[in-house]
Amino acid sequence: MKTILITGAAGDVATHLRRELAGKYHLRLSDLRPLAPAKGEKFARADISNMADALRITRGVDAIVHLGGYSVEGPWEGILSANIVGCYNVFEAARRNGVRRILFATSNHAVGFYPRKQTIDHRVYIKPDGRYGVSKVFGEAIGSLYADKYGMQVFLMRIGNVNPAPIDKRRLSIWLSPRDLAQLVAIGIEHPDIRFEIVYGVSRNTRSWYDNSNAYRLGYKPQDDSEVYAPEVLAKEGPGNAIGDLYQGGAFTHVEAVPNPAPLPKAAKAPARNAAKKPARKAVKKAKK
Ligand code: 15L
């Protein structure tokens with residue numbers, strides 16, 4: 001059985017993924033936040049913005065599912081340390097430790113400034129919708145470099161929104177069910193011919209904005225379609241936004257910060273390494289004014 005490292009293991013996406021992959025792989029988990037590993041899992045607390053930590057957690061694994069990082073639009077300092085420095089460290093640590101395969105959770109926000117009326121595939125030029133989107137584009141670029149220069153096998157998943165059910169109108173187009181997420185990740189781990197691939201991490205949604213033929217070519221057969229939830233979701237939909245409603249990235253295209261669903265609990269803060277946290281909070285206040 002393969003040993004797989006999941007970074008950002010305490011987050012929402014990883015929590016769904018761990019449940020779906022249980023028993024299929026030896027799961028090694030890492031996060032800056034504390035976490036109680038389930039049976040068959042091993043947990044190592046780590047700050048990926050620190051290279052020594054990145055080297056420690058990536059040693060001896062067969063593949064890495066890199067989900068860790070700042071997961072929404074927000075202050076640059078937080079994004080810089082988690083998604084730029086941290087992402088570089090994970091790829092570089094993998095290379096130094098001889099781990100060849102990396103699955104990276106990039107995001108729909110790497111291309112969020114495409115209009116909703118356009119269907120896009122994996123070949124479109126990047127159009128990030130914020131600092132967070134830019135950081136995901138950086139991860140895609142690192143993946144491309146490490147595939148071409150070092151022969152690493154890189155699987156980039158531009159994830160929509162992972163949830164048991166879609167939560168609003170925009171998410172009807174970008175929803176990814178937990179079981180479809182697990183199927184896509186398994187393809188990224190197991191497919192024999194991955195060199196550098198970009199796929200969209202979405203279910204087979206009727207309202208999709210993506211031509212996901214690259215994922216289908218690799219064997220992805222999503223089982224879920226958000227359309228079954230559409231009447232219920234649309235009945236609850238709040239007022240729209242003139243800018244956000246035009247673009248695939250929604251609110252990310254016009255706000256300076258989205259509430260971070262996974263802030264660090266106080267006790268989990270690693271003081272010296274996270275010196276960037278204070279300026280980050282100041283920046284949020286400024287953005288609200
Ligand atoms: C993302 O990239 C975020 O990580 C996630 O929290 C959601 O906000 C998602 O995009 C989305 O667009 O709904």
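Against the list (1) surrounded by 15 or more Cβ atoms within 10 Å (Cβ to Cβ); (2) assigned to a loop (DSSP other than H, G, I, E, B), the condition Leu17 fails is (2). Regarding Ile167, is this residue open to solvent by 20 Å² or more (accessible area, probe 1.4 Å) and either over 27 Å from Asp129 (Cα atoms) or assigned to a loop (DSSP other than H, G, I, E, B) (or both)? Answer is yes for this residue.
Restricting the range 212-239 to residues that are open to solvent by less than 60 Å² (accessible area, probe 1.4 Å) and part of a loop (DSSP other than H, G, I, E, B), the residue that is farthest from Val124 (Cα to Cα) is Gly238.
Before we move on, is Arg207 of a type in the set (Lys, Arg) and within 16 Å of the ligand (Cβ to nearest atom)? Considered against the rule, which asks whether it is of a type in the set (Lys, Arg) and within 16 Å of the ligand (Cβ to nearest atom), Arg207 comes out as yes. Residues of the range 146-185 that are closer than 17 Å to Gly112 by Cα and of a type in the set (Asp, Glu): Asp168 alone. Candidates Ala22, Ala94: the one that is of a type in the set (Gly, Ala, Ser) and buried (at least 24 other Cβ atoms within 10 Å of the Cβ) is Ala94.
Of all residues in the range 124-159 being under 17 Å from Arg100 (Cβ atoms) and either among the β-branched types (Val, Ile, Thr) or within 12 Å of the ligand (Cβ to nearest atom) (or both), which is surrounded by the most Cβ atoms within 10 Å (Cβ to Cβ)? Taking the candidates together, the pick is Val154.
Out of Val185, Val199, one residue alone is closer than 26 Å to Arg101 by Cβ, open to solvent by less than 20 Å² (accessible area, probe 1.4 Å) and part of a helix (DSSP H, G or I). It is Val185.
The values are calculated or read from the model by the stated rules, or taken from the named source; none is laboratory data. This structure is a prediction, so every number in the text was calculated from the model and none was measured. So basically every Cβ, Gly included, is an ideal-geometry build from the backbone, and we count neighbours across all protein chains shown. When the accessible area is computed, the model is the full protein with side chains, heavy atoms only, and any ligands, DNA or RNA have been set aside. Shrake-Rupley method; radii C 1.70, N 1.55, O 1.52, S 1.80 Å.
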